[in-house]
Amino acid sequence: MSSYKIALLDGDGIGPEIMAEAVKILRLVAERQQVQFELTHPPFGASAWFECGDAFPESTKAVCDAADAILKGPIGLNHEESKKIPVDQQPERGALLPLRRRYNTYANFRPVYLPKALAHFSPLKAEVIGDGVNIMIIRELVGGLYFGKKEMGVNAQGKRYVNEVLEYDEDQIRAIHKVALDTARKRKKLLHNIHKSNVLKSSVLWNEVLEEVRQDYPDVKVEHILVDAAATYLCLKPTMFDVMVMENMFGDILSDQGGGILGSLGLMPSACLGPQKSYYEPSHGSAPDIAGKNIANPYSMIGSVAMMLEFSFNMSQEAANLWQAMQSVFAAGYSTADLSKPGSGVTMISTSDFGDRVAQALRAMPV
Ligand code: IPM
Ligand code: MG
């Protein structure tokens, strides 16, 4: 029997509640697929800082180093609570970015997946959604402005100034384009390259390297689109996109816009793939305002499990089953209070009930 070690980083806010549902699903998958998942919950994020004075403790690093994959919940606190933690230890800077850097998880997959069963969550008109939206946003995750040198101070004229560097080398760019073209090849053979080469030199190199890499992919059609225009088209005509590739900051912004298309970032799981190790996480924050109320939808967390099954454990069929199981719960008219308003025609259920129903639907599917 194969056995996999999974490090579960529960995170903050709603993290532990939605993680509990992911664990339910992992146990069921283990049973169905005759595999063993060894699950551990090392501390990570703001809760880890309060517990052990470190948002990403050495002991957690050791557990993650030894794991076959990492499943991470959302991290972060509200503004007031955040201020209790020194700036560099706040969980975004002190835990999340170091996690990405440690495992060089350069390829971030964020599905903007809006099938019919979820269409009612979207603010877009039915004629814009058509038969459904299915976009894979591929964001470069460990380069660019977010990881460049940063400097803040007072200059010779006595003025406060800031300097942040947007840096990429050609190998980093080549690597993400390969991932994007491989993904496009497996899907509709259409790749939209998102850039800003009319202003940014980084985009000029980005596009130059893409021209080289795509020579090996004559079967994939590549379309170039400026990032600002892409933002507009995502609203007006999201169905024109299939796979989109972009640098780190563009991906941060446009993937949140993708959450807007879905009606909530709560419907967006993600995969962060590195050469040796990958981790999986919801694309949203820790929603401290609804933490502990058993109302947060665990879709993004369970969807992250589906992505883990596909990318880390080579269980694509079970991943597809899991996606379908989640759709079926919505299609049967159930929803949670974070996604739907009372009186909107859905039956409101809790976080744990949603997880139970997904498990029930999965259990009913052939292995
Ligand atoms: C995301 C988040 C992070 C990012 C933050 C929390 C540092 O917004 O994963 O999109 O900007 O990458
Ligand atoms: Mg973001």
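Would you confirm whether or not region 233-246 contains a residue that is within 28 Å of residue 16 (Cα to Cα), open to solvent by less than 10 Å² (accessible area, probe 1.4 Å) and touching a residue at least 60 places away in the same chain (Cβ under 8 Å)?
Checked against the condition, which is being within 28 Å of residue 16 (Cα to Cα), open to solvent by less than 10 Å² (accessible area, probe 1.4 Å) and touching a residue at least 60 places away in the same chain (Cβ under 8 Å), region 233-246 yields no hits at all.
Scan region 57-73 and give yes if some residue there is at pLDDT below 95, in the same structural domain as residue 307 (by TED's automatic domain parsing) and over 13 Å from residue 10 (Cα atoms), otherwise no.
There is no residue in region 57-73 that is at pLDDT below 95, in the same structural domain as residue 307 (by TED's automatic domain parsing) and over 13 Å from residue 10 (Cα atoms).
Output the number of residues of region 196-223 satisfying the condition of being surrounded by 14 or more Cβ atoms within 10 Å (Cβ to Cβ) and touching a His at 6+ places or on another chain (Cβ under 7 Å).
6
Give me a count of the residues in region 3-19 that are buried (at least 18 other Cβ atoms within 10 Å of the Cβ) and not in a strand (DSSP E or B).
Here the count works out to 9.
Kindly check whether there is at least one residue in region 290-304 that is open to solvent by less than 10 Å² (accessible area, probe 1.4 Å) and in contact with a His (Cβ under 7 Å, 6 or more places away or on another chain).
yes
Of everything in region 324-357 that's of a type in the set (Phe, Trp, Tyr) and surrounded by 20 or more Cβ atoms within 10 Å (Cβ to Cβ), which residue is nearest to residue 119 (Cα to Cα)?
Top of the filtered list is 330.
From the list 318, 281, exactly one residue is open to solvent by less than 10 Å² (accessible area, probe 1.4 Å) and touching a Lys or Arg at 6+ places or on another chain (Cβ under 6 Å). Which is it?
Going through 318, 281 in turn, just one is open to solvent by less than 10 Å² (accessible area, probe 1.4 Å) and touching a Lys or Arg at 6+ places or on another chain (Cβ under 6 Å): 281.
Among residues belonging to region 253-278 that are more than 20 Å from residue 71 (Cβ to Cβ) and hydrophobic (A, V, I, L, M, F, W, C), point out the one that is surrounded by the fewest Cβ atoms within 10 Å (Cβ to Cβ).
253
How many residues, within region 260-280, are within 11 Å of ligand 2 (Cβ to nearest atom) and touching a residue at least 60 places away in the same chain (Cβ under 8 Å)?
Within region 260-280, residues that are within 11 Å of ligand 2 (Cβ to nearest atom) and touching a residue at least 60 places away in the same chain (Cβ under 8 Å) number 2.
Condition first: within 28 Å of residue 165 (Cβ to Cβ) and either at pLDDT below 95 or within 15 Å of the chain's Cα centre (by Cα) (or both). Now tell me which residues in region 260-298 satisfy that.
Listed by number, the residues that qualify are 270, 271, 272, 273, 274, 278, 279, 281, 283, 285.
Scanning for something modelled with pLDDT of 95 or more, outside any helix (DSSP H, G or I), among the hydroxyl-bearing types (Ser, Thr, Tyr) and over 20 Å from residue 270 (Cα atoms), does region 320-329 turn up at least one residue?
no
The values are calculated or read from the model by the stated rules, or taken from the named source; none is laboratory data. Just so it is clear, the structure is predicted and the values come from calculations on it, not from any experiment. Cβ coordinates were reconstructed from backbone atoms using ideal geometry, including for glycine residues, and neighbour counts include every protein chain displayed. Ligands, DNA and RNA are excluded from the accessible area calculation, which covers all protein heavy atoms including side chains. Shrake-Rupley method; radii C 1.70, N 1.55, O 1.52, S 1.80 Å.
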